[in-house]
1. What number comes out for the charge environment of Thr165, summing +1 per Lys or Arg and -1 per Asp or Glu over other residues with Cβ under 11 Å away?
2. Across all directions of projection, what mean area in square nanometres is found for the Cα convex hull of the stretch 338-405?
3. Among Tyr244, Tyr530, which comes first, second and so on when ranked by fewest other beta-carbon atoms within 10 Å?
4. As a footprinting exposure proxy, order Phe121, Phe249 by other Cβ within 10 Å, with the fewest listed first.
5. Mind pulling up the Rg/Rh value for the stretch 124-240? Radius of gyration and Kirkwood radius, both on Cα.
6. Could you tell me which of the pairs Lys155/Lys336; Lys214/Lys275; Lys126/Lys214 are separated by over 30 angstrom between their Cα atoms in the structure shown?
7. Using the Kirkwood radius built from alpha carbon pairs, what does the Stokes-Einstein equation give as D for the stretch 477-576 at 10 °C and 1.306 mPa s, in µm² per second?
8. Using modelled amide H (1.01 Å from N, peptide plane; none on Pro or chain starts), what sits under 5 Å from the amide H of Ile542, excluding residues fewer than 5 places away?
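Values in this text are rule-based calculations from the coordinates and carry no lab data. In this text, all values refer to a predicted model and were calculated from it rather than measured experimentally. Heads up, the Cβs are rebuilt from the backbone with ideal geometry, glycines too, and the neighbour counts pull from every protein chain shown.
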Amino acid sequence: MIVNLIRLFAGPRRTWRTIMDATLWLAALGLGGLAGCGNPYTQQPGFEPRVSEASSDPHVTSPVLLPPSNEEASAPVAAPTPTRLITDAVSPATVDKRKPGPVQVGVNLGGIRDYSSELVFVDAFKASRKWISQEKGKPWGQGGPLDLDEHGEVKSLRPNQYAETVIVTDFEPHLPVGDYLILHEGKGKLRLNGPARIVGGENGRLRVRIDQSKGGIFLAIMETDSSDPLRKIRFIPAEAETTYESQPFRQPFLDRWRDFAVLRFMDWMETNNSKIARWEDRPKPSDARQSLHGVALEYQIALCNTLDVAPWFCMPHRADDEYVRQFALQVKRELKPGKPIWVEYSNECWNNQFEQSRYCRDRGKELKLSDNDFQAQLRFVSQRSVEIFRIWREVFGSEADRVVRVLPAQSANPWTGLQVMDWNDAFKEADAIAIAPYFGNEWGSPKRVEETLKLEVTQLLDALQDSVANSLGKVREYAAMARERGLELVAYEAGQHLAGHGGAENNEALTALFHAANRHPRMKTLYETYLDGWADAGGGLIVMFSSMGKPSKWGSWGMLEHEGQSLDEAPKFSAVRAFLRRHPSR
């Protein structure tokens, strides 16, 4: 009954990448008046619903959604006339030329959630939902405030109150059937609901049996001793009792990504709308779970060391210098020697659907970096990036060349790249300019729904060939700009972008068409053309978005939908694997 009450559905997975129209270039060249428009460049108003506290990530939400708020819609922003024309933005003689780096493939790992179809940790409790306050005889979630400690552990319960969490949601795949253990410290009483049941054991070590793999698994603390609270709960396969701490990651997860060169931890770090400002605010291994405020750096480093891959870290937009320094020090201490470290300031600070965009705009205005808000915003992104790069290089000292310094830009709007690269010659203290060259964005526009729905899936796939070509055109443009400045062009995210927005996400026929296109065998051919085109255009590292996830009305972002999916059923992942064979990243 409880499962039915809170049946979970896939939430939003990406935000809309604004398409730059012809007026943008008129504005960028100082000819905005010719466009007949006062604001020649506008970003698409926000379309995603506000999310409840069930998820702090606007890309991934639990099913509890609130109606859109007009106050949270993105306001248009104008691109001012740039201080330099594109043709003379930088003199080729002023920079050292670098050969493009080898084409490598990375992956953005999906966030840790109870409803994720990607099972990461051996200890399934790490992905559980925050404690939900319940009271006997009252509706779901109406148990009043919970008494929690700084790690999110339950300290005490009032009479008739209990704390419940969702360990695994009723999504494919599910935890395999078999024998499990619930380990914990402290004294109290636990209750399981769903396909898992307690079959024996004693306080601190309970034996559990999962008889069927379907259905959500719910765990509740029914009683706890306030002098010795029940805490540090772990839910592990019985055979992993002696290894789950030294080997925290599930083997299928490790096997899936070991051939990739870079793991981008944007979602693991809960980068978007992050509240982290100080080192003390960071998520820690001692937290009750790793699903609320991000995954502890210790686990990120451990994963990279296990797979022998390079990390890509996104520094929180509010993080102070001491946070950056301590983060870099820990990476230097714990990451395998010699491994490169990709470092980026936040994520998509140009995208006004995210709080980091508004933060950078406000900081740019405070510092009077431009009379135009958007240009001030981008200039702040540029100079804060350089400040972060300097701290990392100072920490690494003689190994400073391991730090790959990444400046961010909007793929559809090369003007943003110019602002970030050229402000105070930031390109001279960077190694790469990063874009997200998605294709297919335009087919989810509310203005094109009627046109799109006239297409059969094969016709949509035909049309996507032009979308790929247009995306690669921007790649070539950025590659030339990067070469002029001695930078490598990389993709921080990449892939298809078939998702409705601006209300179109609620059109079930449109969603079904997009899902069918993502699953069609010809999507593999499109990805092969796209990836080969990226390499031919001079692109370096390309980091796919994203690892795994169930498709929803918000998009089909995962290369895979669930564990155990065959390559024949996963055309995107199949194409990427084939590209990896032609361009080994390891």
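1. Cβ neighbours under 11 Å give a net charge of +1.
2. Mean shadow area of the hull around the Cα atoms is 4.8 nm².
3. Final ranking by Cβ density, sparse to dense: Tyr244, Tyr530.
4. Phe249, Phe121
5. In the stretch 124-240, Rg relative to Rh is 0.95.
6. Long pairs (Cα-Cα over 30 Å): Lys155/Lys336; Lys214/Lys275.
7. Using the Kirkwood radius from Cα pairs, D works out to 108 µm²/s.
8. Amide H to amide H, under 5 Å and 5 or more residues apart or across chains, Ile542 pairs with Gln104, Val105, Gly106, Ala491.
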